[in-house]
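A short worksheet on the structure shown next.
The values are calculated or read from the model by the stated rules, or taken from the named source; none is laboratory data. Worth saying up front: this structure is predicted, and the values here are computed from it rather than measured. All Cβ positions, even for glycine, are placed from backbone atoms using ideal geometry, and neighbour counts span all protein chains on display.
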């Protein structure tokens, strides 16, 4: 852990509180770690509640003012299957939003922190607790993993901060596990599965078999896609659950091939989608007449696989860089700063979320989470990513989605010119109805 530094604006009480919080964080980690001797572990565990109790009397009324600095922490996958679609690209998007705001708000500088949660809820939780308790972070951005996001959402609620979810797909974050402090900004499994599933069944893809990522996101995506297929008149033959970061998909693809389903639904993402599609191509599955359906496909994956392998594929996206002048302008700026790459929908969504958060804070005149959250829901949300959008009481950001089809090599004019927009799906149709929400916040 970094050394404790007293910063301007805290005074004696604030400095003591920050040191106390630091000791509490150390105590919590040592209490949990197995490498402590039994007696030392017991001592740290006994010390923790005493420090926490002492903090109650030390907490100044203005403790949420973050040492006169507004801190935004980008938490995502920076080294694994989703690093290309989120990762440091999301960090760059957050920095762009901060810079476009002038780098300061309410007379305070804005800092962007970032960390890799390694797709592990315990790692993500520990980072967030340290960020809030020691570094006084005001908002957590992205998440980029459903299991991590569910854990982080609970912490952010307890600590009264703001969670701006980018690459988080599970619908649970706005349903039975919703929070007044959480916002699902980019997509969810309902929006992805509903549009893509309907389109493919309508084209004759009636029988389905799913290759499903073996964690919360995959289960949610398979569930929503299955419901859509059945409601549209199709049949789900079966599924197989595949561990995250699987390199060899051969045994799972053979099960899908043996099912003789017309459609193999890929309820996975990032590197897992890439590897499963490569494997299907090598096994000649698509040449044998079966088709693949990418239920969460990113343009980065299409770029990696090439149009020869992905042409004709239908998918649903929240953003396409070449949609209009506004999206092209953002993409050109992003590419100039980030290795010439076009932004994914997550990276574009992170910019939108951070920009709206800062606008809401400016309008509220304070960085206190409750006031900023109320302001976020009140002020207009309309940018290149979220057009004439709105934020529901359950935290779901309602914006247009796009059903697209991947171009053939002959249709593409060059690198990153990959999609044909088949239709724009209005937000009220793309996302599930508020009437179906299981969120306790929603008044029915």
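Residue-level check: of (1) surrounded by 15 or more Cβ atoms within 10 Å (Cβ to Cβ); (2) within 22 Å of the chain's Cα centre (by Cα); (3) closer than 29 Å to residue 440 by Cα, residue 428 misses just (1).
Would it be correct to say that residue 259 is in contact (Cβ under 8 Å) with a residue 40 or more places away in the chain, more than 20 Å from residue 195 (Cβ to Cβ), surrounded by fewer than 24 Cβ atoms within 10 Å (Cβ to Cβ) and touching a strand residue (DSSP E or B) at 6+ places or on another chain (Cβ under 8 Å)? Show your work before the answer.
Numbers: in contact (Cβ under 8 Å) with a residue 40 or more places away in the chain: yes; more than 20 Å from residue 195 (Cβ to Cβ): yes; surrounded by fewer than 24 Cβ atoms within 10 Å (Cβ to Cβ): yes; touching a strand residue (DSSP E or B) at 6+ places or on another chain (Cβ under 8 Å): yes.
Considered against the rule, which asks whether it is in contact (Cβ under 8 Å) with a residue 40 or more places away in the chain, more than 20 Å from residue 195 (Cβ to Cβ), surrounded by fewer than 24 Cβ atoms within 10 Å (Cβ to Cβ) and touching a strand residue (DSSP E or B) at 6+ places or on another chain (Cβ under 8 Å), residue 259 comes out as yes.
Going through (1) out of contact with any helix residue (DSSP H, G or I) (no Cβ under 9 Å at 6 or more places or on another chain); (2) assigned to a loop (DSSP other than H, G, I, E, B); (3) modelled with pLDDT of 95 or more one by one, residue 336 falls short only on (2). Residues of the range 405-425 that are on the phi > 0 side of the Ramachandran plot and crowded, with 16+ Cβ neighbours inside 10 Å: 416 alone.
Screening residue 347 on (1) crowded, with 21+ Cβ neighbours inside 10 Å; (2) touching a strand residue (DSSP E or B) at 6+ places or on another chain (Cβ under 7 Å); (3) modelled with pLDDT of 95 or more shows it passes everything except condition (2).
Each row is one residue, and each column tells you yes or no for (1) under 19 Å from residue 170 (Cβ atoms); (2) out of contact with any helix residue (DSSP H, G or I) (no Cβ under 6 Å at 6 or more places or on another chain); (3) assigned to a strand (DSSP E or B).
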| position | (1), (2), (3) |
| --- | --- |
| 221 | yes, no, no |
| 240 | no, no, yes |
| 248 | no, yes, no |
| 273 | yes, no, no |
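Does residue 297 qualify as being in contact with a strand residue (DSSP E or B) (Cβ under 7 Å, 6 or more places away or on another chain), within 25 Å of residue 93 (Cα to Cα) and surrounded by 15 or more Cβ atoms within 10 Å (Cβ to Cβ)? Answer is yes for this residue.
The rows are residues; the columns are (1) without any contact (Cβ under 8 Å) to a residue 12 or more places away in the chain; (2) assigned to a loop (DSSP other than H, G, I, E, B); (3) within 20 Å of residue 218 (Cα to Cα); (4) out of contact with any helix residue (DSSP H, G or I) (no Cβ under 6 Å at 6 or more places or on another chain).
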position	(1), (2), (3), (4)
300	no, no, yes, yes
303	no, no, no, yes
312	no, yes, no, yes
316	no, no, yes, no
327	no, no, no, yes
330	no, no, no, yes
340	yes, yes, no, yes
348	no, no, no, yes
353	no, no, no, yes
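Does at least one position in the range 265-272 carry a residue that is crowded, with 17+ Cβ neighbours inside 10 Å, assigned by TED's automatic domain parsing to the domain that holds residue 220 and free of Cβ contacts under 8 Å to residues at least 40 places away in the same chain? No; the residues of the range 265-272 include none that is crowded, with 17+ Cβ neighbours inside 10 Å, assigned by TED's automatic domain parsing to the domain that holds residue 220 and free of Cβ contacts under 8 Å to residues at least 40 places away in the same chain.
Before we move on, is residue 196 modelled with pLDDT of 90 or more, surrounded by 23 or more Cβ atoms within 10 Å (Cβ to Cβ) and either part of a strand (DSSP E or B) or in contact with a helix residue (DSSP H, G or I) (Cβ under 7 Å, 6 or more places away or on another chain) (or both)? Against the criterion (modelled with pLDDT of 90 or more, surrounded by 23 or more Cβ atoms within 10 Å (Cβ to Cβ) and either part of a strand (DSSP E or B) or in contact with a helix residue (DSSP H, G or I) (Cβ under 7 Å, 6 or more places away or on another chain) (or both)), residue 196 does not qualify. Looking at the range 144-161, can you tell me whether even one residue there is touching a helix residue (DSSP H, G or I) at 6+ places or on another chain (Cβ under 6 Å) and under 16 Å from residue 91 (Cβ atoms)? No, because not a single residue in the range 144-161 is touching a helix residue (DSSP H, G or I) at 6+ places or on another chain (Cβ under 6 Å) and under 16 Å from residue 91 (Cβ atoms).
A single entry from 402, 357 fulfils the requirement of being on the phi < 0 side of the Ramachandran plot, part of a helix (DSSP H, G or I) and touching a helix residue (DSSP H, G or I) at 6+ places or on another chain (Cβ under 9 Å): 357. Restricted to helices (runs of 4 or more DSSP H) entirely inside the range 73-186, those with at least 1 residues that are within 11 Å of the chain's Cα centre (by Cα) and modelled with pLDDT of 95 or more are 87-100, 146-159. Within the range 166-182, being touching a strand residue (DSSP E or B) at 6+ places or on another chain (Cβ under 8 Å) and farther than 17 Å from residue 401 by Cα holds for 173, 174, 179, 181, 182. All of (1) under 27 Å from residue 194 (Cα atoms); (2) touching a helix residue (DSSP H, G or I) at 6+ places or on another chain (Cβ under 8 Å); (3) modelled with pLDDT of 95 or more hold for residue 368 with one exception: (1).
Does residue 360 satisfy the condition of being without any contact (Cβ under 8 Å) to a residue 60 or more places away in the chain and under 15 Å from residue 164 (Cβ atoms)? Taking the combined requirement at face value, the residue satisfies it.
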